Amino acid sequence: MTETATRSTYRHRLPVRVMHWINVVCLFVLLMSGLAIFNAHPMLYWGRISTFDRPALALTGEKAANGTLKGYTIVGGHRFDTTGVLGASDNMMGTRVKRGFPTWATIPGAKSLSKGRQLHFFFAWIFVINGLCYLIWTFASKHMSRDLWPTRADWRGMAHSIVEHLKFKHPTGEEAARYNILQKLAYLAVILVFIPGIILMGLGMSPHMDSVLGWMLDLVGGRQSARSLHFIFAMLLLAFVLIHVFMVIVTGPINQIRAMLTGRYVIHEEPAPKPAILDAPATEVAAHVHH
């Protein structure tokens, strides 16, 4: 029986760790303040103007026949009952009110649009500056090409990696200290698509940016389309965060969080078993002695 050996390796360098935790704080505030802003008009449209009678997405509340308030999510004309979560939910006093997202999902409060906008814009600029610092560092240190860009071997092993993830089997040993193909693709999507999309669409919603980003608004179909895409990219980023947190939990939260705090990651290795020493058969020994 073999014993599992452990050794520590330096996985995350200091700039990555600092920028990671700045992003954690920024994303938390941006998401919850963004939902507070969205609650001021919990509908999305596609195009240049708001077609109030035909929203692409609507979170609304309506009185039922018995007088109770029901919450509904309307997507492309399809209506779903989401009472208690979306459209209508209980406030801090326990009273059900018409509200896009519930109170617990928004900051700074139930009805604080101006403060929500101040928080959102302040942390948005911190997020942008932090992101630019990350891009500069990742290209200068070759972190992007060395650690995140998929290799031919990664592509060849993609099907195997998907199957292993579906079985909740995760890499061990030296392989656990490297990003697999699914992690690389997810991080690249966030770095190169989701975050730039959120930032550009957010800037495009401001009339002050028409002279600079007017071409982009024309490309996506208008300011309301930019608002919808901003929301979609934010939800995709939220989905990534939730999956990321889930994977941290199932792959060893203590080890993963320690690596992002100190940089040190513990690798568990199972040494190869020693070959068994077999006794030679008695007939072979006898023949050898006779010879």
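The values are calculated or read from the model by the stated rules, or taken from the named source; none is laboratory data. Treat the numbers as computed from the prediction; the structure is a model and nothing was measured. Note that each Cβ is placed from the backbone with ideal geometry, even for glycine, and that neighbours are counted across all protein chains shown. The accessibility values were calculated without ligands, DNA or RNA, using every heavy atom of the protein model including side chains. Shrake-Rupley method; radii C 1.70, N 1.55, O 1.52, S 1.80 Å.
Starting from the Kirkwood Rh over alpha-carbon pairs, what translational D in µm² s⁻¹ does segment 129-265 have by Stokes-Einstein at 20 °C and 1.002 mPa s? Translational D for this selection: 124 µm²/s. Computed on the chain, with alpha-carbon pairs under 8 angstrom and 6+ residues apart, the relative contact order is 25 percent. If R0 equals 45 Å, the separation of the Cβ atoms of residue 159 and residue 208 corresponds to a calculated FRET efficiency of about 0.40. Please give the FRET efficiency for residue 145 paired with residue 179, using the beta carbon to beta carbon distance and R0 = 22 Å, rounded to the nearest 0.05. Efficiency, rounded to the nearest 0.05: 0.95. Put a dot 7 Å past the Cα of residue 24, heading toward its Cβ, do the same for residue 125, and the two dots end up 2.6 nm apart.
Rounded to the nearest 10 degrees, the angle from helix 223-250 to the longest Cα principal axis of the chain is 30 degrees. With the highest mean first, a sort of the peptides 129-137, 198-206 on other beta-carbon atoms found within 10 angstrom per residue produces 198-206, 129-137. Once all protein chains are placed together, residue 25 keeps about 80 Å² accessible to a 1.4 angstrom probe.
Rounded to the nearest 10 degrees, the angle from helix 113-140 to the longest Cα principal axis of the chain is 40 degrees.
Seen against the Cα atoms of the chain and their longest principal axis, helix 195-204 is set at about 10 degrees.
Computed with a 1.4 Å probe over protein heavy atoms only, the accessible surface of the chain comes to 64 Å² per residue.
Coupling constants for segment 74-90 follow from the phi torsions by the Karplus curve (6.51 cos²θ - 1.76 cosθ + 1.60, θ = phi - 60°), and in residue order they are 10, 10, x, x, 8, 10, 10, 7, 10, 4, x, 10, 10, x, 8, 8, 7 Hz; glycine and proline get x. Applying 1/(1 + (r/R0)^6) with r as the Cβ-Cβ distance of residue 266 and residue 92 and R0 = 51 angstrom yields a FRET efficiency of 0.75.
When a 1.4 Å probe is rolled over the protein heavy atoms, the share of accessible surface on segment 53-169 that falls to carbon and sulfur comes to 64 percent.
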